[in-house]
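Derivation of every value follows stated rules applied to the coordinates shown; laboratory data play no part. What you see is a predicted model, and the numbers here were worked out from it, not measured in a lab.
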Amino acid sequence: MSEDNALPDEWRLAEFCEVVTIASGQVDPREEPYSSMIHIGPEDVEEGTGRILHPRTASELGLISGKYHFQPGEVVYSKIQ
């Protein structure tokens, strides 16, 4: 490990935007297939474990505003606390 940056020698420090792609564009939760999909909000994720709590569809929740659709393997984070 090099002394100046405390990273393993084979690593390099990078800007966040160099290693991720931030999603843009939203889907309408009132339309199929999205209305039948499970909606995951910050309140639905158990702190410390990431376990999904109370899974419900967008339709069950009566959602009307645009939502992000994500795929397996993607990292989801909330900017809302």
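In whole percent, what relative contact order does the chain give with Cα contacts below 8 Å and a gap of six or more residues?
It rounds to 29 percent for the chain.
What label, among (i) 21, 19, 12; (ii) 24, 17, 9; (iii) 35, 16, 10, belongs to semi-axes √(5λ) of the Cα gyration tensor in Å computed from the structure on display?
Only one option fits the structure, namely (iii).
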